[in-house]
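Step one of this worksheet: look at the structure below.
The values are calculated or read from the model by the stated rules, or taken from the named source; none is laboratory data. In this text, all values refer to a predicted model and were calculated from it rather than measured experimentally. Neighbour counts run over all protein chains shown; Cβ positions are idealised from the backbone, glycine included.
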């Protein structure tokens, strides 16, 4: 079985109708979705309104990192390890909406374990502002190390993020982007895998009301 894995930036300025359209369209293509910019109550309520017989969602702990969530199809996947929220630097909230979350899911049909990570990285890190560059660099390192640890523990790991940098993914992973840009011409949104997971075919963009295109990648366990 392959897993349809999607990363999607909801865009904080969407109204209720736009948010609903984005969620419904994205969910139609996915088994697992990592969300960014779930920063307003209207966004959170839209995710909570997903059919509870089909979907479950873990929301990031806002006392640590706000605006992140992971949704998964409960008819295909169950939770092996509950979701966790990770600050960029433990105890130091460098940016309240920049960090990452993780969860470990298991296929109901065959028992394959899928550790998943979702992240939203500091924006404008390419500017001359040293604090933004430092935030982005620290987060990139922690994201790489978390992916590595989850791979060591479970044999594989999937990740998805708005990395706010063109054509970047954590070192040591196999990244996937659609052929077109996801934020204008830039490829800011990416999925990746490590370990014995591998992408099946090319990634595709999902056009939504957000200012980012979502990215869909199919993954399977390498035999």
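Residue check: is residue 203 assigned to a loop (DSSP other than H, G, I, E, B) and either under 18 Å from the mean Cα position of the chain (by Cα) or within 28 Å of residue 15 (Cα to Cα) (or both)? For residue 203, the condition - assigned to a loop (DSSP other than H, G, I, E, B) and either under 18 Å from the mean Cα position of the chain (by Cα) or within 28 Å of residue 15 (Cα to Cα) (or both) - is not met.
Restricting to the stretch 107-153, name every residue that is surrounded by fewer than 23 Cβ atoms within 10 Å (Cβ to Cβ), over 18 Å from residue 87 (Cβ atoms) and touching a helix residue (DSSP H, G or I) at 6+ places or on another chain (Cβ under 6 Å). Of everything in the stretch 107-153, those that are surrounded by fewer than 23 Cβ atoms within 10 Å (Cβ to Cβ), over 18 Å from residue 87 (Cβ atoms) and touching a helix residue (DSSP H, G or I) at 6+ places or on another chain (Cβ under 6 Å) turn out to be 113, 124.
Can you tell me which residues in the stretch 183-203 are over 15 Å from residue 36 (Cα atoms) and buried (at least 17 other Cβ atoms within 10 Å of the Cβ)? Quick ask: steps written out before the conclusion?
Our first condition is that a residue be over 15 Å from residue 36 (Cα atoms); within the stretch 183-203, this holds for 184-187, 192-203.
If the condition is that a residue be over 15 Å from residue 36 (Cα atoms) and buried (at least 17 other Cβ atoms within 10 Å of the Cβ), then 187, 192, 193, 194, 195, 197, 199, 203 are the ones that fit.
Just one of (1) surrounded by 16 or more Cβ atoms within 10 Å (Cβ to Cβ); (2) within 24 Å of residue 10 (Cα to Cα) fails for residue 179. It is (1).
Within the stretch 170-195, residues that are without any contact (Cβ under 8 Å) to a residue 24 or more places away in the chain reach partners that are assigned to a strand (DSSP E or B) with beta carbons closer than 6 Å, at six or more positions or on different chains, in the pairs 175/190; 175/192.
Quick check, is residue 26 at pLDDT 90 or above, touching a helix residue (DSSP H, G or I) at 6+ places or on another chain (Cβ under 7 Å) and either surrounded by 14 or more Cβ atoms within 10 Å (Cβ to Cβ) or outside any loop (DSSP other than H, G, I, E, B) (or both)? Spell out the reasoning first.
Details: at pLDDT 90 or above: yes; touching a helix residue (DSSP H, G or I) at 6+ places or on another chain (Cβ under 7 Å): no; either surrounded by 14 or more Cβ atoms within 10 Å (Cβ to Cβ) or outside any loop (DSSP other than H, G, I, E, B) (or both): yes.
No.
Given the condition touching a residue at least 40 places away in the same chain (Cβ under 8 Å), surrounded by fewer than 20 Cβ atoms within 10 Å (Cβ to Cβ), in a loop (DSSP other than H, G, I, E, B) and under 17 Å from the mean Cα position of the chain (by Cα), answer yes or no: does some residue in the stretch 207-216 qualify?
So in the stretch 207-216, the residues touching a residue at least 40 places away in the same chain (Cβ under 8 Å) come out as 208-212, 214-216.
Those still in the list that are surrounded by fewer than 20 Cβ atoms within 10 Å (Cβ to Cβ) too: 209, 211.
After this cut, where a residue has to be in a loop (DSSP other than H, G, I, E, B) as well, the list is 209, 211.
If we keep only those that are under 17 Å from the mean Cα position of the chain (by Cα) too, we end up with 211.
Within the stretch 207-216, one or more residues are touching a residue at least 40 places away in the same chain (Cβ under 8 Å), surrounded by fewer than 20 Cβ atoms within 10 Å (Cβ to Cβ), in a loop (DSSP other than H, G, I, E, B) and under 17 Å from the mean Cα position of the chain (by Cα).
Any chance the stretch 15-25 includes a residue that's at positive phi and in contact (Cβ under 8 Å) with a residue 40 or more places away in the chain? It would help to see each step written out before you state the result.
Restricting attention to the stretch 15-25, the residues satisfying the condition of being at positive phi are none.
There is no residue in the stretch 15-25 that is at positive phi and in contact (Cβ under 8 Å) with a residue 40 or more places away in the chain.
Only residues that are surrounded by fewer than 19 Cβ atoms within 10 Å (Cβ to Cβ) and at pLDDT below 95 were counted across the stretch 54-79, and they come to 4.
Scanning the stretch 155-167 for residues that are part of a loop (DSSP other than H, G, I, E, B) and at pLDDT 95 or above turns up just one, 155. I'd like the full set of residues that are in a loop (DSSP other than H, G, I, E, B), at pLDDT 95 or above and either over 12 Å from residue 215 (Cα atoms) or touching a helix residue (DSSP H, G or I) at 6+ places or on another chain (Cβ under 9 Å) (or both), limited to the stretch 173-193. Within the stretch 173-193, just 173 meets the criteria. Give the residue that is nearest to the chain's Cα centre (by Cα), with candidates limited to residues of the stretch 34-69 that are touching a residue at least 40 places away in the same chain (Cβ under 8 Å), within 17 Å of residue 210 (Cβ to Cβ) and part of a strand (DSSP E or B). Out of the qualifying residues, it is 34. Scanning the stretch 1-23 for residues that are surrounded by fewer than 23 Cβ atoms within 10 Å (Cβ to Cβ) and part of a helix (DSSP H, G or I) returns 16, 17, 18, 20, 21.
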